[in-house]
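Visitor: The structure that follows is given in the form of structure tokens.
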Amino acid sequence: MPGRPSVLFVTDLAYQARGRRYCDEDIFLSSRLRNDFDIALCHPLDAAALMDTFDGVVVRNSGPVLHYQKEYDAFRNRAAERGTRVCNPLSGRADMAGKQYLLDLTAAGYPVIPTIDRPQNLGALPETDQYVVKPMAGADSIGLNFVSRDQLEGLTYGHILVQPRIDFRYEVSFYYVDDAFQYALHAPEPERRWVLEPYQPTEADLGFARCFIDWNTLGHGIQRVDACRTQEGDLLLVELEDLNPYLSLDHVDDPTRDTFVASMTTSLHQFLGISPRT
């Protein structure tokens, strides 16, 4: 159909994620987006070779890129060289660029779990029984370990981050399309991260999440702000996911899903610069 934009939808339908079914979410999303776009699904390893024949690329549940870092870097370089429209745009400052943002946000005084990457900064961390050690390029809890205070001195620094292990009430995630809030979900039981329920955020909650969306300055795309509620009632950022955030659409009702798809559709039309068909 003339004027109907084409989209290469990048997803790894076979990726096994703990507590989530990536394939179901992307089958649903791509089936709904097909109402407005000509869509082809491809594995992330095939994206660089295929993307030139499409109006744009949408990166969805493609799995942790550390499993195929060389190929992902080649995809980014090719997209930059050819001016390919990639959504989310490759200018993201958060998880898309690694975990450096946790250090930057800590230094800037944002409400984030305190994070350091060198032993001389250990004094900046609060005293606690355990600390979280994660790789700078980690994802999906890969390489995450818990250590005692005494063990911090013996770590090999350079490619790791250290944070205090927070005794939190629950985790909560805020989902955005472009800069517009869509919905929130929370995990009432801390030990069951992906057993989620709808969450009604307060104005203060939305102000918290919005400050990180504004910080990232990502003009288009989908972002997820993950936070934990401390025992004192404060929210602290856990992660700002701007590469391929899982959306947990199976945990929201039909009207919320419909609104999300409509927002994503409008965003993609605007990003690709092609007017919706009438």
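The values are calculated or read from the model by the stated rules, or taken from the named source; none is laboratory data. Keep in mind the model is a prediction, meaning the values are calculated, not measured. Please note: Cβ atoms are built from the backbone with ideal geometry, for glycine as well, and neighbour counts cover all protein chains shown. Surface areas here come from the heavy atoms of the whole protein model, side chains and all, with no ligands, DNA or RNA. Shrake-Rupley method; radii C 1.70, N 1.55, O 1.52, S 1.80 Å.
Visitor: Determine the per residue accessible area of the stretch 22-124 with all protein chains present and a 1.4 angstrom probe, expressed in square angstrom.
Guide: Per residue, the stretch 22-124 has an accessible area of 46 Å².
Visitor: With θ taken as phi - 60° and the coefficients 6.51, -1.76 and 1.60, list the Karplus ³J(HN,Hα) couplings across the stretch 164-177 in order, rounded to whole Hz; mark glycine and proline as x.
Guide: Here the 3J(HN,Hα) series is x, 7, 8, 7, 10, 6, 6, 9, 9, 10, 10, 10, 10, 10 Hz.
Visitor: Something else: Only Lys, Arg, Asp and Glu count, each charged at its Cβ (+1, +1, -1, -1), so figure out the dipole size of the chain about its Cα centre, rounded to 20 debye.
Guide: That gives a dipole near 620 debye.
Visitor: Amide H neighbours of L41 under 5 Å, at least 5 residues apart or on other chains, H built in the peptide plane: list them.
Guide: F9
Visitor: Related question: Mind giving me the FRET efficiency for K70 and D129? R0 is 45 Å, r the Cβ-Cβ distance, nearest 0.05 is fine.
Guide: Efficiency, from the Cβ-Cβ distance: 0.70.
Visitor: May I ask you to compute the full-extension gain from Q270 to R192, defined as 0.36 nm times their residue separation minus their alpha-carbon distance, rounded to one decimal in nm?
Guide: Taking Q270 through R192 to full extension adds about 24.3 nm, to one decimal.
Visitor: For E81 and L144 in the same chain, what is the full-extension length gain: residue separation times 0.36 nm, less their Cα-Cα distance, in nm? Mind showing how you got there, number by number?
Guide: On the way: separation 63, 0.36 × 63 = 22.68 nm, distance 3.48 nm.
Full extension from E81 to L144 adds 19.2 nm.
Visitor: So what are the radius of gyration and Dmax for the Cα set of the chain, in Å?
Guide: 19.2, 66
Visitor: Using DSSP to call loops (not H, G, I, E or B), can you name the trypsin sites (Lys or Arg not before Pro) in the stretch 1-100 whose Cβ has at most 13 other Cβ atoms within 10 angstrom?
Guide: R18, R34
Visitor: Skipping prolines and chain starts, which residues have an amide H placed within reach, meaning under 5 Å, of the one on D12, given they are 5 or more residues away or on another chain?
Guide: Excluding prolines and chain starts, which carry no amide H, the hits are N61, S62, G63.
Visitor: If amide hydrogens are placed 1.01 Å from N in the peptide plane, which non-local residues have theirs closer than 5 Å to the one on Q130?
Guide: R165
Visitor: Between Y157 and D179, what FRET efficiency follows from the Cβ-Cβ distance if R0 is 35 Å, with the result rounded to 0.05?
Guide: FRET efficiency, Y157 to D179: 0.45.
Visitor: Report the convex hull volume per residue for the stretch 136-203, counting only C-alpha atoms, in Å³.
Guide: Working: hull volume 10.1 nm³, N = 68.
Expressed per residue, the convex hull around the Cα atoms of the stretch 136-203 is 149 Å³.
Visitor: Helix 69-82: angle to the longest alpha-carbon principal axis of the chain, degrees 0 to 90, nearest 10?
Guide: The angle comes out at about 50 degrees.
Visitor: So what J values fall out for the stretch 205-216 if you push phi through Karplus, 6.51 cos²θ - 1.76 cosθ + 1.60 with θ = phi - 60°, rounded to Hz, Gly and Pro as x?
Guide: These are the phi-based 3J(HN,Hα) values: 4, 5, x, 4, 5, 5, 5, 7, 4, 5, 4, 6 Hz.
Visitor: While we're looking at this one, here's another question. State the answer as a single residue: which of L218, H269, L240 lies farthest towards the positive end of the charge dipole of the stretch 214-278, with beta carbon charges of +1 for Lys and Arg and -1 for Asp and Glu, about the Cα centre.
Guide: H269
Visitor: Could you grab the relative contact order for the chain? Cα pairs under 8 Å, six or more apart, rounded to a whole percent. Provide the component values of the computation, followed by the final result.
Guide: Values: 493 pairs, mean separation 53.6, N = 278.
Computed value for the chain: 19 percent relative contact order.
Visitor: Still on this structure: What does the extension gain come out to for A108 and L122, with contour length at 0.36 nm per residue minus their alpha carbon separation?
Guide: 3.3 nm
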